[in-house]
Amino acid sequence: MGEVVLERDEGAGGGEGQRPPIALTPRRAPLIGDWAVRRRTFTWRQARGWLEGLPGGALNIAHEAVDRHGRGDLADVVAVRFLARNEPTTELTYAELARQTDVTAVALQDLGVRRGDRVCTLLPRSPELYLTALGTLKAGAVYCPLFPAFGMEPVRQRLELGGVRVLVTDSESYANKVAPVRDRLPDLQTVVVVDAGGAGDEPSTAEVMAWETVMQEASESLQRNGFEIVSTRPDEPALLHFTSGTTGRPKGAVHVHEAVVAHHATARFSLDLSPGDLYWCTADPGWVTGTSYGIIGPLTCGATVITDSADFDAKRWYSILQDEKVEVFYTAPTALRMLMRRGVEMAHDYDLSSLRHVVSVGEPLNPEAVLWGLEAFGLPVHDTWWQTETGAIIVSNYPGMPVRPGSMGRPMPGVEVGVLERGADGRAGVVDGHVHVLDDPHAVGELAIRPGWPSMFRDYLGEPERYAKAFVDGWYLTGDLARLDGDGYLWFVGRADDVIKSAGHLIGPFEVESALMEHPAVAEVGVIGKPDPLAGEIVKAFVTLKADMVPSESLRRELITFGRKRLGSVAPREIAFEEHLPHTRSGKVMRRLLKARELGLPEGDLSTVERPA
Ligand code: ATP
Ligand code: MG
């Protein structure tokens, strides 16, 4: 790995004063060995060759993530370390994970789960979650994680839409969220409860079973009959993931076993993972990041995954980075902004010298956060862009590549992206039967991807028309707007739904939010377009302040002036201070909710809104 270089975007509008490129040498060279030979390019065919596969061309994610290592050289390496507040840390080696996921697969089969059936978890990050995820895949069934803090109705909707056959959960969630709606879930045959306690108080109805009992019986059945992982076809469904619901009702994206080719290649190439690396992904497996990169990708690389079930807490997070000697850290802009809010001094109270690579996903990463990373971690934060639908990282700042703060990076090798001209409705439009790929480095268009990458979603569950509509003229349309500069770097502008049209200007919320974030008092910003008789829309910004800052009229005026200096005519005309901004539970600012509240419109689907404690 060479020098890490920060570059400034020459093409970006607005902004004062050029920041000089910053060069620094990473603290520690990556592990030496065949794995560490850094390829700068690959094809999907080559990437497929890095996996083992099963006889007859079969491919099963769980084989690549677990069995291959559990029965090989990495058997004794810790696969997952489970941290929990006020509870002892537990861990599973690859060998243990391989054995226990066999038992789980047998347990599911004994419960009647067959190839293609759907199995859900509603669990915190725990061994049972990992065992169910990987055991389901071994049994050839489809795994669907549910975010553990979902309320009753979001849980019911997803279980119903998924036609879920077996749910693994804990007794509290069962009692509060599932039992009351059980009679409305005809497909749900069995609920397995992980904390059913001692023999005396085990759930006894046929359909509600205790994890321990189920696993005990499966372990005996495994000894009698053995188990062989199901030889799934590469195009056979493996995962069902619901989107974050940022723009509306969540969609159920279906992924297949072949996705593991992309999970693995991106975990190596973009996250820089090698066997034995200590790696922490802060995303919950209830969202695609927590599965693709909290479970599958890093395990296929033979890394040690650290997982924590506690909620965000700045001091706890720094302690984990320090005490677990985390080398690669994958997190989200919201979390980084919360760390930034506590000041860089807090970071310096901890020894973070093990960190080698810090990566972000899920929302636009403000340039301010990239540079803050340099101060706090001694490393720039590397942004990655992808979606539930893409299943794996599509655009990335990867190690060794010059980072341009504010850019999402470059497309992964093997991925072709295009920035497409937009029609009157703001989305990529077809003219004379074709879309038009923009080649002007300043032009903003809809980000699109050529189908064919292995982790591409293969369906929106129960919504085939919506799936079909996502593909136009040989491109998958992402719904995000971006710009591709002359050097192949992509710059996020905003979601097509969130873009603001003001007096003939097209304004991306990200640019405005990032500019206001540069003000020392500001912690977080969400920007919307507010209808205006003259301009069409004006920009309104909702702002939360850093811990020691108090909202005032003079600060409001100062921020308006600050915005105008940086942004000129696209600056916010109105600024409102908020205690909290509405977020999805996966950590995204919900601009549609800010807008609905501002305009007094119906709030729409709220199943994924985070409720501040
Ligand atoms: P829904 O599709 O239900 O409205 P969602 O799009 O937020 O929700 P996800 O699939 O979890 O659901 O998120 C993907 C989206 O997150 C992307 O389309 C993009 O808008 C945003 N995103 C992810 N990474 C980045 C990034 N690095 N920079 C900017 N935006 C990002
Ligand atoms: Mg989306």
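With a Förster radius of 56 Å applied to the C-beta separation of Ala179 and Thr89, the computed FRET efficiency comes to 0.95.
Which shape class applies to the chain: rounded if a/c is under 1.5, otherwise prolate when a/b exceeds b/c and oblate if not, where a ≥ b ≥ c are the square roots of the Cα gyration tensor eigenvalues? Prolate, since a/c reaches 1.5 and a/b exceeds b/c. Where does helix 211-225 land angle-wise versus the long Cα axis of the chain, in degrees 0 to 90, nearest 10? That works out to roughly 60 degrees. About the centre of its Cα atoms, the chain shows a dipole size close to 860 debye [charges on the beta carbon of Lys, Arg (+1) and Asp, Glu (-1) only; nearest 20 debye].
Ranking Ser173, Val119, Ala149 by Cα position along the charge dipole of the stretch 96-193, where only Lys, Arg, Asp and Glu carry charges on their C-beta atoms, puts Val119 farthest toward the positive end. Between Ala547 and Asp195, residue separation times 0.36 nm minus the direct Cα-Cα distance comes to 122.9 nm. Counting only DSSP beta bridges whose two residues both lie in the stretch 357-434, roughly 65 percent are antiparallel. Simple spin-label estimate for Val344 and Met152 gives 5.0 nm between the two label positions (7 Å along the Cα-to-Cβ direction from each Cα).
So for the stretch 83-230, considering every pair of alpha-carbon atoms, how many percent are separated by more than 22 Å? When every Cα pair of the stretch 83-230 is considered, 36 percent fall beyond 22 Å. For the stretch 500-610, the Cβ-based charge dipole about the Cα centre amounts to some 300 debye (Lys, Arg positive; Asp, Glu negative; other atoms uncharged).
Ranked by the mean number of other Cβ atoms within 10 Å per residue, highest first, peptides 316-322, 369-375 order as 369-375, 316-322. Ranked by the mean number of other Cβ atoms within 10 Å of their residues, highest first, the peptides 342-350, 411-419, 234-242 fall in the order 234-242, 411-419, 342-350. Report the calculated FRET efficiency for Ala521 and Arg427 (r = Cβ-Cβ distance, R0 = 35 Å), to the nearest 0.05. So the FRET efficiency works out to roughly 0.45. Taking the chain as the reference, fit the longest principal axis to its C-alpha atoms, fit the long axis of helix 314-323 to the helix C-alpha atoms, and give the angle between the two in degrees, 0 to 90, nearest 10. The angle comes out at about 60 degrees. Cα centroid separation, the stretch 559-613 to the stretch 79-141: 38 Å. Antiparallel beta bridges, as assigned by DSSP with both residues in the stretch 83-230, represent about 5 percent of the total such bridges. Rounded if a/c is under 1.5, else prolate if a/b is larger than b/c, else oblate: which is the stretch 538-592, with a ≥ b ≥ c the root eigenvalues of its Cα gyration tensor? Because a/c hits 1.5 or more and a/b fails to exceed b/c, the stretch 538-592 counts as oblate. The DSSP beta bridges internal to the chain are antiparallel in roughly 60% of cases. Put in line by how crowded their Cβ is, counting other Cβ atoms within 10 Å and starting with the fewest, Val208, Val570 read Val208, Val570. Simple spin-label estimate for Glu172 and Ala58 gives 4.0 nm between the two label positions (7 Å along the Cα-to-Cβ direction from each Cα).
Against the main long axis of the alpha-carbon atoms of the chain, helix 259-269 sits at an angle near 60°. In order along the stretch 554-571, the phi-based Karplus estimate (6.51 cos²θ - 1.76 cosθ + 1.60, θ = phi - 60°) of 3J(HN,Hα) comes to 5, 5, 4, 5, 4, 5, 4, 5, 4, x, 5, 4, 7, 10, x, 5, 8, 5 Hz; Gly and Pro are listed as x. In the chain, helical runs assigned H by DSSP with n ≥ 4 each contribute -39500 (n - 2.57); averaged across all residues and rounded to the nearest 500, the mean residue ellipticity at 222 nm is -7000 deg cm²/dmol.
Would you mind classifying the stretch 500-610 by shape? Square roots of the alpha carbon gyration tensor eigenvalues, ordered a ≥ b ≥ c; an a/c under 1.5 is rounded, otherwise it is prolate if a/b is larger than b/c and oblate if not. The shape class here is oblate.
If R0 is 45 Å, what FRET efficiency do you get for Val77 and Glu598 from their C-beta distance, rounded to 0.05? The formula returns an efficiency of 0.30 here.
For the pairs Lys501/Lys546; Lys469/Lys540; Lys138/Lys325; Lys138/Lys588; Lys540/Lys588, flag any whose C-alpha to C-alpha distance is greater than 25 Å. Too far apart for the 25 Å limit: Lys501/Lys546; Lys469/Lys540; Lys138/Lys325; Lys138/Lys588. Taking every C-alpha pair closer than 8 Å and separated by at least 6 residues, the mean separation divided by the residue count of the chain gives a relative contact order of 13 percent.
For the peptides 492-505, 422-435, the ranking by packing is 492-505, 422-435, with the highest mean count of neighbouring Cβ atoms within 10 Å listed first. Placing +1 on the Cβ of every Lys and Arg and -1 on the Cβ of every Asp and Glu, with no other charges, gives the stretch 83-230 a dipole of roughly 580 debye about its Cα centre.
Annotation: amide H-H contacts under 5 Å for Leu420 (H modelled 1.01 Å from N, sequence separation of 5 or more, or interchain): Leu438, Glu446, Leu447, Ala448.
Every number here is computed from the coordinates shown, using simple stated rules; none is lab data. Note that this is a predicted model, so its numbers are computed, not measured. Counting neighbours? That spans all protein chains shown, and the Cβs are built from the backbone with ideal geometry, glycine included.
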